[in-house]
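See structure below.
The values are calculated or read from the model by the stated rules, or taken from the named source; none is laboratory data. As the structure is a computational prediction, the values presented were derived from the model and not from experiment. Cβ placement follows ideal geometry from the backbone for every residue including glycine, while neighbour counts extend to all protein chains displayed.
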Amino acid sequence: MKFTELGLADEIIESIGYMGFEEATPIQEESIPVILRGQDLIACAQTGTGKTAAFILPTLHRLFTGEKKEATRALVICPTRELAIQIDKQIQGFTYFLGLHSIAVYGGGSGEDWVQEKEALSQGADIIVSTPGKLISHLNMGYVDFSQVEYFIMDEADRMLDMGFRADIEKIASYLPKERQTLMFSATMPTKIRQLAKKTLNDPHQINIAISKPAEGVLQAVYLVHEEQKLALITRLIRDKPSYKRIIIFSSRKKKVYDIVKALKAEKFNVEGVSSDYEQKEREAVIANFKATRTRIVVATDVLSRGIDIKDINLVINYDTPTNAEDYVHRVGRTARADTTGVAITLVNENDMYDFHEIEQLIETEIMKLQPFPELGPGPEWNPKRRRKSYGRSSKGGNKKNYKGKRGGRSRKR
């Protein structure tokens, strides 16, 4: 279906046209009419299917055609600063002809950023896009005015709950008018999401599209490796693919990001790293260099598994097996976006096999298993019945000591 058939304002259609879009994706085609009707919505669709435009376009239409107010009228919350920045940039592109204004509110900024955020939150901006933790900090100061908010949107809701933000989300919702439209978008739909939806949404319409499955254009493979074989293997994989211009390597730990970057630089690869240890300006510079292909390889924690929209990522390597199926879908979703193709390779050691088998069951796909290159020696044999040893990462894929802390508090930095 074309965007012109969805009932959006001519000014929005013009902005969409300038951005080169004509056909709506399935999630956009199904969501936009529901949102235009003013109904609450819980929508589930995989990464890279156009969820952001699915909620931004109809919300902008209602803001543009509705009563104008000098107040905050729409609030979007999302898990990471990268995603907040990405959503805000998309809003700016779509509002070129609308005269609407937005601001992104997130941690890691300067004192000047805080002043700008305070002004927007107290005096009003048409749309606020924020991470939960930073928004709570402002709410606790007592000057935030959300009395005129008409639209409350939760993007990547599953990720926010994984990061321990449920209490923050419920607190934020308590500051909003009861009469509002609430939209929840997620890549997966576990029980905890349905529980939050029941508490914050009113008789929502539900949309489910391709739940928890990587895009069809992703060629997936697993290398069965011992831990000490990983660096040599990824070095060989990258060296064998000189035509791949953009490569992301995901690590589960910040320390490993540093180690992988150091090893690849020693092999003369053009590589940079990103984790929550980096300052915000450093992270933005790395992403900008990657988008412009000035940097070929980025090594990152899950800070980059969501919230960046970079086309033509040729290869995603999971250096560590993701902690759960949802993380796998999001990491792999960085490639094969917008009907392109890509390759996703996961390195699975003997302790990760049971966890990866669970991922295969959730995405309903058995992924090809490969042995390392002969010169690296044999890897372990596939044995999905073997569970992780109790003193290591838990069977859910996380370190037990950290797992308790993650659930007990709020892990706000990724």
Determine if region 189-197 includes at least one residue that is touching a strand residue (DSSP E or B) at 6+ places or on another chain (Cβ under 6 Å), part of a helix (DSSP H, G or I) and not basic (Lys, Arg). yes
Within region 220-246, considering residues that are surrounded by 15 or more Cβ atoms within 10 Å (Cβ to Cβ) and in a strand (DSSP E or B), the one modelled with the lowest pLDDT: Gln220
So if I check each of Arg81, Arg37, which one is modelled with pLDDT of 95 or more and not polar (S, T, N, Q)? Arg37
Of the numbered conditions (1) over 26 Å from Gln371 (Cβ atoms); (2) in contact (Cβ under 8 Å) with a residue 12 or more places away in the chain; (3) outside any loop (DSSP other than H, G, I, E, B), Lys281 fails exactly one; give the number of that condition. (2)
Per the filter on region 115-152, residues farther than 27 Å from Gln39 by Cβ, out of contact with any helix residue (DSSP H, G or I) (no Cβ under 8 Å at 6 or more places or on another chain) and of a type in the set (Ser, Thr, Tyr) are Ser122, Ser137
Do we have any residue at all in region 94-106 that's over 19 Å from Lys69 (Cα atoms), crowded, with 22+ Cβ neighbours inside 10 Å, of a type in the set (Gly, Ala, Ser) and touching a residue at least 24 places away in the same chain (Cβ under 8 Å)? yes
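State yes or no: is Asp88 touching a His at 6+ places or on another chain (Cβ under 8 Å), surrounded by 15 or more Cβ atoms within 10 Å (Cβ to Cβ) and in contact (Cβ under 8 Å) with a residue 40 or more places away in the chain?
Numbers: touching a His at 6+ places or on another chain (Cβ under 8 Å): no; surrounded by 15 or more Cβ atoms within 10 Å (Cβ to Cβ): yes; in contact (Cβ under 8 Å) with a residue 40 or more places away in the chain: yes.
For Asp88, the condition - touching a His at 6+ places or on another chain (Cβ under 8 Å), surrounded by 15 or more Cβ atoms within 10 Å (Cβ to Cβ) and in contact (Cβ under 8 Å) with a residue 40 or more places away in the chain - is not met.
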Can you name every residue in region 64-85 that is buried (at least 18 other Cβ atoms within 10 Å of the Cβ) and polar (S, T, N, Q)? Thr72, Thr80
Strands (runs of 3 or more DSSP E) wholly inside region 21-138 that include at least 1 residues being more than 21 Å from Val149 (Cβ to Cβ): 41-45
Has region 357-379 got any residue that is farther than 20 Å from Ser252 by Cα, touching a Leu at 6+ places or on another chain (Cβ under 7 Å), modelled with pLDDT of 90 or more and crowded, with 19+ Cβ neighbours inside 10 Å? yes
Take the residues of region 150-189 that are surrounded by fewer than 22 Cβ atoms within 10 Å (Cβ to Cβ) and among the small types (Gly, Ala, Ser): which is nearest to Arg331 (Cα to Cα)? Gly164
Listed by first then second residue, the pairs whose first member lies in region 286-315 and is assigned by TED's automatic domain parsing to the domain that holds Ser276 and of a type in the set (Phe, Trp, Tyr), whose partner is crowded, with 18+ Cβ neighbours inside 10 Å and modelled with pLDDT of 85 or more, with beta carbons under 9 Å and at least 6 positions apart or on separate chains, are Phe290/Arg246; Phe290/Ile248; Phe290/Glu272; Phe290/Val274; Phe290/Arg296; Phe290/Ile297; Phe290/Val298; Phe290/Ile313
Scan region 56-86 for residues that are in contact with a strand residue (DSSP E or B) (Cβ under 6 Å, 6 or more places away or on another chain) and farther than 20 Å from Tyr175 by Cβ and jot them down. Ile85
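For region 249-308, name all the residues that are among the hydroxyl-bearing types (Ser, Thr, Tyr), under 16 Å from the mean Cα position of the chain (by Cα) and farther than 15 Å from Asp320 by Cβ.
Matches in region 249-308: Ser276 only.
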